[in-house]
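Asks: Can you read through this structure? Questions will come right after.
The values are calculated or read from the model by the stated rules, or taken from the named source; none is laboratory data. Note that this is a predicted model, so its numbers are computed, not measured. When we count neighbours, we look across all protein chains shown, and the Cβ atoms used for this are built from the backbone with ideal geometry, even at glycine. Surface accessibility is based on the protein's heavy atoms, side chains included, excluding ligands, DNA and RNA. Shrake-Rupley method; radii C 1.70, N 1.55, O 1.52, S 1.80 Å.
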Amino acid sequence: MTQLREEPRTHGSGRPRPLTRRFVAALSCCLVGVAAVTACGDGSGRAESATDTTSAPTTVVTSPEPATDTPLESDTTPAEPTYTEESEPDENPYATDPGTESGDEDDDALEDSSGVPHGEWTGTAQVTVDFADPGCAADSRSYALPATLIIDDPVGTEGNSFHLSWASDDQTADGAFGVTSAHSGTDTVDGESVEIAYWSLSDDGDGSFSGQLTDTAAAAGASLNLLFVPKPLFQCGTYTSFPYGMNTDTTIEGSITDDSASVTLSGTTVDGTRSFRVEWS
């Protein structure tokens, strides 16, 4: 317990001031201060409670400036026009191209009409050449050379029912040869079309054929039916390989199946100094 004591007298009132009056006055000031603090909650003289759930209205301030947000790239890209494709009636999936069908029939008809199978055959040709150079002793030489036979469609304006090409694989060796039934191409000098029919060929419709060389084209410098055999640089001495044109008495005959070919070529050269025979079976 606190003991209260009297204050000495002051000169203000001329009499002593009771302690209880001073205590009451101090307590009154404290109560006034607490009330003032409580009233300062929102500046309107009304106290706010910590559990007050009443929310003050929210004021939204809008800017007078227009929106400057940049739209996405996908939003600014103009929409592409949409095209509607007209539907067409479905074609018959089993229909055959008239052009293709016709071409196939033509090829079959061509092969059937010739009776000679088309294709490529390889083998070894046996070449025998008899030499009869003026003033020199007779001589005979034999060669064995790999060769290729090709039977195909006629070329250009060729009148045969098939085109024949038969040649040794090496065109530089002694005994080399080359046979072609026709040629279709372009002159490298004047650019004109060149059509030459060298051979007249026929067949029996069953794979066998025969023919004769009818044009050497030597005058036109277009000989393609050649035999490469030694020729003397001077009389009876120092031979070197030389291309001899085949003469128009040269003949060919053969029999061809899908799996095999038998061909014989025989004749003489244009100058008459070489006679030859090429066999392949």
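Asks: Under 6 Å between Cβ atoms, which residue pairs at least 6 apart in sequence (or on different chains) link something in region 262-281 that is under 16 Å from G211 (Cβ atoms) with a partner that is at pLDDT below 95 and open to solvent by less than 20 Å² (accessible area, probe 1.4 Å)?
Replies: Here the result reads V263/W280, each pair linking region 262-281 to a residue that is at pLDDT below 95 and open to solvent by less than 20 Å² (accessible area, probe 1.4 Å).
Asks: Which ones in region 139-184 are open to solvent by less than 50 Å² (accessible area, probe 1.4 Å) and at positive phi?
Replies: If the condition is that a residue be open to solvent by less than 50 Å² (accessible area, probe 1.4 Å) and at positive phi, then G175 is the only one that fits.
Asks: So which strands (runs of 3 or more DSSP E) are wholly in region 213-281 and hold at least 1 residues that are open to solvent by 50 Å² or more (accessible area, probe 1.4 Å) and under 29 Å from S193 (Cα atoms)?
Replies: Strands (runs of 3 or more DSSP E) meeting the threshold: 237-245, 251-256.
Asks: Still on this model: Can you pull out every residue in region 191-212 that is among the hydrophobic types (A, V, I, L, M, F, W, C), open to solvent by less than 50 Å² (accessible area, probe 1.4 Å) and touching a residue at least 40 places away in the same chain (Cβ under 8 Å)?
Replies: Of everything in region 191-212, those that are among the hydrophobic types (A, V, I, L, M, F, W, C), open to solvent by less than 50 Å² (accessible area, probe 1.4 Å) and touching a residue at least 40 places away in the same chain (Cβ under 8 Å) turn out to be W199, L201, F209.
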